[in-house]
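Novice: Take a look at this one; I'll ask things after.
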Amino acid sequence: MNGLLHIIATPRGHESRTLNISKVFLEAFKSKYPGCKIDNLNVFEERLPDLTIKRIDGKYALLGGKDLSGDLKESWKDIVAVIERFLSADAYLISAPMWNFSIPYRLKHYIDVILQPRYLFQYTSAGPEGLVKGKKMAIITSRGGDYGTDDSRKFDLQEPYLRIVFGFAGITDIAFINAQPMDAMGPEMRDKKIKEAKALAKKIAESF
Ligand SMILES: Cc1cc2nc3c(=O)[nH]c(=O)nc-3n(C[C@H](O)[C@H](O)[C@H](O)COP(=O)(O)O)c2cc1C
């Protein structure tokens, strides 16, 4: 294990419940892989390339099996840099609160930038093929409500979405640590659930 990419998708810094749990994951991970480089990418702090008309033209060129050249290639430099940073990691940790039943918009922006044909997936005669193979991912989320019951599970569009989108890229070994409820049932329940999530995060990191 040479490199872990930690994708941070909350703007709340030290206040963040999600990052409070991720800290425990990272401590256990660092003890297991002391030489491993940890690359922190905060999608709320780093400037992500916009998907301009030109860049989208480039995407369709790639989807059509063409190579990028000239100004299309030039316009893709920033996208390729973000993708290369993603692909250079051996494993991934995503820290993301639930926002409106799904993921924070900056994480969606990041996914829209990296999930590109020829880099993360390709279409074959047998259907789409994910190109990121053999890499593990842990995803730590926290939610104001609790989406772990039979009645509420259908409102969780965060875990299923992330499983589909990264599964499409070939990453299928994904462990979720969902801390919930963080707001709906008061501070005592929150503290209890954070403690449980930390214990699970430690266990998952130790077997990562
Ligand atoms: C913009 C926004 C939207 C939110 N939407 C939801 C939601 O749909 N469901 C939910 O259970 N909690 C929602 N929450 C609550 C957060 O998921 C919860 O407080 C979480 O623990 C915050 O994580 P953080 O401290 O790491 O930022 C929302 C919070 C914000 C700021």
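The values are calculated or read from the model by the stated rules, or taken from the named source; none is laboratory data. Given the structure is predicted, the values throughout are model-derived calculations rather than measurements. All Cβ positions, even for glycine, are placed from backbone atoms using ideal geometry, and neighbour counts span all protein chains on display.
Novice: May I ask you to say which residue of E84, E74, E27, E45 is assigned to a loop (DSSP other than H, G, I, E, B), at pLDDT 95 or above and surrounded by fewer than 18 Cβ atoms within 10 Å (Cβ to Cβ)?
Specialist: Working: E84 fails: assigned to a loop (DSSP other than H, G, I, E, B); E74 fails: assigned to a loop (DSSP other than H, G, I, E, B); E27 fails: assigned to a loop (DSSP other than H, G, I, E, B).
Just a single option satisfies the conditions, and that option is E45.
Novice: Can you spot a residue in region 156-170 that is modelled with pLDDT of 95 or more, within 19 Å of the chain's Cα centre (by Cα), more than 22 Å from L41 (Cβ to Cβ) and exposed (fewer than 14 other Cβ atoms within 10 Å of the Cβ)?
Specialist: Checked region 156-170: at least one residue is modelled with pLDDT of 95 or more, within 19 Å of the chain's Cα centre (by Cα), more than 22 Å from L41 (Cβ to Cβ) and exposed (fewer than 14 other Cβ atoms within 10 Å of the Cβ).
Novice: May I ask you to say which residue of G3, G35, G65, G58 is away from the ligand (no atom under 16 Å from the Cβ), in contact with a Phe, Trp or Tyr (Cβ under 8 Å, 6 or more places away or on another chain) and more than 30 Å from D183 (Cα to Cα)? Step through it out loud before you land on a result.
Specialist: Numbers: G3 fails: in contact with a Phe, Trp or Tyr (Cβ under 8 Å, 6 or more places away or on another chain); G35 fails: in contact with a Phe, Trp or Tyr (Cβ under 8 Å, 6 or more places away or on another chain); G65 fails: in contact with a Phe, Trp or Tyr (Cβ under 8 Å, 6 or more places away or on another chain).
Among G3, G35, G65, G58, only G58 is away from the ligand (no atom under 16 Å from the Cβ), in contact with a Phe, Trp or Tyr (Cβ under 8 Å, 6 or more places away or on another chain) and more than 30 Å from D183 (Cα to Cα).
Novice: Step by step: first the residues of region 105-155, then only those that are more than 16 Å from the ligand (Cβ to nearest atom), more than 16 Å from G167 (Cβ to Cβ) and under 12 Å from the mean Cα position of the chain (by Cα), then the one that is surrounded by the fewest Cβ atoms within 10 Å (Cβ to Cβ). Which residue is that?
Specialist: Among those residues, the one meeting the criterion is D112.
Novice: Would you check if there is a residue in region 19-30 being within 12 Å of the ligand (Cβ to nearest atom), closer than 30 Å to G145 by Cα, among the hydroxyl-bearing types (S, T, Y) and touching a Pro at 6+ places or on another chain (Cβ under 8 Å)?
Specialist: No, region 19-30 contains no residue that is within 12 Å of the ligand (Cβ to nearest atom), closer than 30 Å to G145 by Cα, among the hydroxyl-bearing types (S, T, Y) and touching a Pro at 6+ places or on another chain (Cβ under 8 Å).
Novice: Can you find, within region 156-166, the residue that is farthest from the ligand (Cβ to nearest atom) among those that are assigned to a helix (DSSP H, G or I) and farther than 13 Å from I94 by Cβ?
Specialist: I164
Novice: Just to be sure I understand the filter: pairs with C-beta atoms under 7 Å, separated by 6 or more residues or on different chains, first member in region 44-70 and in contact (Cβ under 8 Å) with a residue 60 or more places away in the chain, second member outside any loop (DSSP other than H, G, I, E, B) and β-branched (V, I, T). Which pairs pass?
Specialist: Filtered contacts from region 44-70: L48/V82; L48/V113; P49/I79; P49/V82; P49/V113.
Novice: Same structure, new question: Just checking, which of I79, I103, I94 is closer than 27 Å to L157 by Cβ, touching a helix residue (DSSP H, G or I) at 6+ places or on another chain (Cβ under 8 Å) and free of Cβ contacts under 8 Å to residues at least 60 places away in the same chain?
Specialist: I79
Novice: Can you go through A179, A169 and tell me which one is small (G, A, S), within 9 Å of the ligand (Cβ to nearest atom) and in contact (Cβ under 8 Å) with a residue 24 or more places away in the chain? Break it down into steps so the answer makes sense when it comes.
Specialist: Numbers: A169 fails: within 9 Å of the ligand (Cβ to nearest atom).
None of the other options fit; the residue is A179.
Novice: On to the next question. Say we look at region 35-62 and pick out the residues that are over 18 Å from the mean Cα position of the chain (by Cα) and of a type in the set (V, I, T); which of these is nearest to K73 (Cα to Cα)?
Specialist: Taking the candidates together, the pick is I56.
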